[in-house]
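What follows is one structure encoded as structure tokens, with my remarks underneath.
The values are calculated or read from the model by the stated rules, or taken from the named source; none is laboratory data. Owing to the predicted nature of the structure, the values given are computational and were not obtained by experimental measurement. Neighbour counts run over all protein chains shown; Cβ positions are idealised from the backbone, glycine included.
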């Protein structure tokens, strides 16, 4: 991951993901590690439900599945019913 310097004076530097500063990237990486408990590179329904419950959320049947379906961009037609890191990052940026 190389960094790119912004051309505008005083604008924050962008790092590996366009539009994010190094600090924002590190924050998303730390959150990702909490969600991707098994280190597979993707968050499945059970992992998402577990994290939501650990945060005190009252998870209804289907909530996590709907969230993953919304986040699963299915780039190149690959809807895998899991949230990958890039999809997680995009969700966190919103």
How about segment 50-64: which of its residues are more than 15 Å from the chain's Cα centre (by Cα), part of a helix (DSSP H, G or I) and surrounded by 12 or more Cβ atoms within 10 Å (Cβ to Cβ)? 50, 53, 63
Is segment 28-35 home to any residue that is in contact with a strand residue (DSSP E or B) (Cβ under 9 Å, 6 or more places away or on another chain), at pLDDT 90 or above, surrounded by 12 or more Cβ atoms within 10 Å (Cβ to Cβ) and part of a helix (DSSP H, G or I)? yes
